[in-house]
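Colleague: For reference, the structure I am asking about is given below.
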2 protein chains.
Amino acid sequence: MMSANSRLTIAAHILAWMELDRRGGREVVTSEQIAGSVNTNPVVIRRCLGDLRKAGFVEARRGAGAGWSLVRDPESISLFDVHQAVEQGPLFGMHHTPPNEGCPVGYGIQPALRRVYGGLEEAVRQQLAQTSVADVLRDVLAQQR
Amino acid sequence: MMSANSRLTIAAHILAWMELDRRGGREVVTSEQIAGSVNTNPVVIRRCLGDLRKAGFVEARRGAGAGWSLVRDPESISLFDVHQAVEQGPLFGMHHTPPNEGCPVGYGIQPALRRVYGGLEEAVRQQLAQTSVADVLRDVLAQQR
DNA sequence: GATCGTTATAACATGTACTGTTACATCCGG
DNA sequence: CCGGATGTAACAGTACATGTTATAACGATC
């Protein structure tokens with residue numbers, strides 16, 4: 001069933017939310033406030049924000065009245081960038097245990113599939129690169145009742 | 001880490017192996033023989049073959065001297081077909097618990113992302129459709145030392 | 001410099017999925 | 001009827017995602 005994780009979804013949610021808040025005048029927000037919109041535990045949000053900080057999209061201030069703020073224009077952050085920041089690992093897995101190298105298929109199957117999977121991941125990257133966080137927020141706001 | 005499963009890999013391995021064996025004159029093979037090349041348990045192979053049978057790519061004979069055989073030309077089976085047969089579920093997951101619908105972002109984020117993810121999965125499907133099992137086998141054989 | 005609210009992170013619990021394995025019922029050619 | 005294989009259920013082990021609690025570190029404000 002693939003059981004895909006929700007990291008890209010959560011990260012996109014966070015960044016869109018932060019930008020909307022920024023437009024409303026709130027430059028600095030806490031993980032607890034974000035958690036209120038995502039509907040999860042603040043620690044989950046901080047874990048994700050930590051990845052986004054390492055990628056240079058947000059920064060954290062500590063101490064009293066601390067919180068997080070966007071440091072890059074959401075127009076310049078593509079979902080490809082976000083994906084790279086919060087998720088790694090291949091779309092499709094290889095054999096758990098190496099195949100039988102004495103068999104022609106067992107010997108050649110992994111290089112052959114690696115080529116296919118590489119092209120696949122490139123296609124995904126290109127698609128992700130076409131949408132920015134700002135695009136997502138535009139679409140989010142267009143959904144309002 | 002995404003920890004992608006290996007179902008597409010195993011299915012492609014099985015089909016390529018069956019076609020190679022067919023070319024060598026063996027039309028019917030057992031799950032145990034296939035397991036020897038994939039290097040896993042025959043039950044794992046049978047589970048996968050069951051999916052491939054439901055999709056109409058292979059058939060099973062039972063009783064003594066039983067086994068599996070290809071029923072469709074590998075040239076006509078694309079990795080998209082194989083993927084559909086053995087794997088379902090989205091590439092990227094949505095929120096585990098629904099977001100806060102009282103928040104504009106919480107309300108609109110899922111429809112917005114569904115659109116993005118839909119395009120993404122379509123791109124993957126198109127890429128997978130460009131490679132057939134026969135192509136994979138060609139590439140596998142080209143790897144030989 | 002002490003306080004307080006927040007980040008940062010470790011540790012643990014829980015749920016779920018994938019893989020591998022054993023066991024056994026079912027089938028059918030010989 | 002036998003024997004060898006499929007078809008499936010049940011279970012163990014591993015891995016990972018998510019959620020939760022606890023605690024250390026930090027720094028603005030008083």
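Colleague: Mind checking which of B:L49, B:L128, B:L113 has the largest fluctuation in a GNM of chain B, springs on alpha carbons under 10 Å?
Modeller: Top of the fluctuation ranking is B:L113.
Colleague: Right, next: Can you list the copy-to-copy distances for B:E87, using a point 7 angstrom from Cα toward Cβ, in nanometres, shortest first?
Modeller: For B:E87, the inter-copy label distances come out at 1.3 nm.
Colleague: Given the options A:V86, A:V105, A:V58, state which has the largest fluctuation in a GNM of chain A using a 10 Å cut-off (strictly under) for Cα springs.
Modeller: Fluctuation is largest for A:V105.
Colleague: Taking the Cβ of B:A134 as the center, what net charge do the other residues with Cβ under 9 Å away carry, scoring Lys and Arg +1 and Asp and Glu -1?
Modeller: Charge balance near B:A134 sits at -3.
Colleague: Per 0.36 nm of contour for each residue apart, how much would the distance between B:H96 and B:V43 grow if the chain were fully extended, relative to their Cα-Cα spacing?
Modeller: 15.9 nm
Colleague: Where nothing but the Cβ of Lys and Arg (+1) and of Asp and Glu (-1) is charged, how large is the charge dipole of the range A:7-142 around its Cα centre, in debye to the nearest 20?
Modeller: Dipole magnitude for the range A:7-142 comes out near 320 debye.
Colleague: Please build a GNM for chain B, connecting alpha carbons under 10 Å apart, and tell me which residue among B:P42, B:P111, B:P74 fluctuates the most.
Modeller: Result: B:P111 has the largest fluctuation of those listed.
Colleague: For A:G50, go 7 angstrom from Cα along the Cα-to-Cβ vector, then report the distances to that same point in the other copies in nm, smallest first.
Modeller: 4.0
Colleague: Positive end of the charge dipole of the protein assembly as shown (Lys, Arg +1 and Asp, Glu -1 on Cβ, about the Cα centre): tell me which of B:V44, A:L15, A:G25 has its Cα farthest that way.
Modeller: The listed residue farthest towards the positive side: B:V44.
Just so you know, all these numbers are worked out from the coordinates, no wet-lab data involved. Treat the numbers as computed from the prediction; the structure is a model and nothing was measured. Reconstructed Cβ throughout: ideal geometry from the backbone, glycine too, with neighbour counts over all protein chains shown.
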